[in-house]
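The values are calculated or read from the model by the stated rules, or taken from the named source; none is laboratory data. All of these numbers come straight from a predicted model, not from anything done at the bench. Reconstructed Cβ throughout: ideal geometry from the backbone, glycine too, with neighbour counts over all protein chains shown.
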Amino acid sequence: MPYEIWLLPRTHNHQFESPLPGENRRHLASLLGRTLRRLLQLSDSYHLVLHTSPNTLQTKGELSDYWRTIAGDYHWHIEILPIVQTRSKSYSIKEIYYNGTLPEEAAERLRKIDAGK
């Protein structure tokens, strides 16, 4: 989607709610704030989705083996999807999203926006 942004930690971590030693949530909050202030100059609405691994402490039964490697396989991240264009509907009633903006153009435009506004 145009202007889609992912925020990821530099060090591997599968659970957002369990920060690694030395991680600073204030840096994340500052980055998220600057990013959203820039995006709000492009669009008034957006979807913000936090992707984190499921709670595996209470896994029982057939799923216990399935989630065994989640700590090494998954990396939590925040996805921000600004709503800047109308959606295109196909004839099968399923929604189809398209990106009418090149990623390089979107990145350049976001860099030029003053995050302090």
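Residues in segment 48-87 that are exposed (fewer than 10 other Cβ atoms within 10 Å of the Cβ), among the small types (Gly, Ala, Ser) and either in a loop (DSSP other than H, G, I, E, B) or modelled with pLDDT under 85 (or both): GLY61 only. Report, by residue number, each residue of segment 7-17 that is surrounded by 12 or more Cβ atoms within 10 Å (Cβ to Cβ) and assigned to a loop (DSSP other than H, G, I, E, B). Passing the criteria: LEU8, PRO9, HIS12, ASN13, HIS14, GLN15, PHE16. Restricting attention to segment 18-47, the residues being surrounded by 15 or more Cβ atoms within 10 Å (Cβ to Cβ), of a type outside the set (D, E, K, R) and not in a loop (DSSP other than H, G, I, E, B) number 6.
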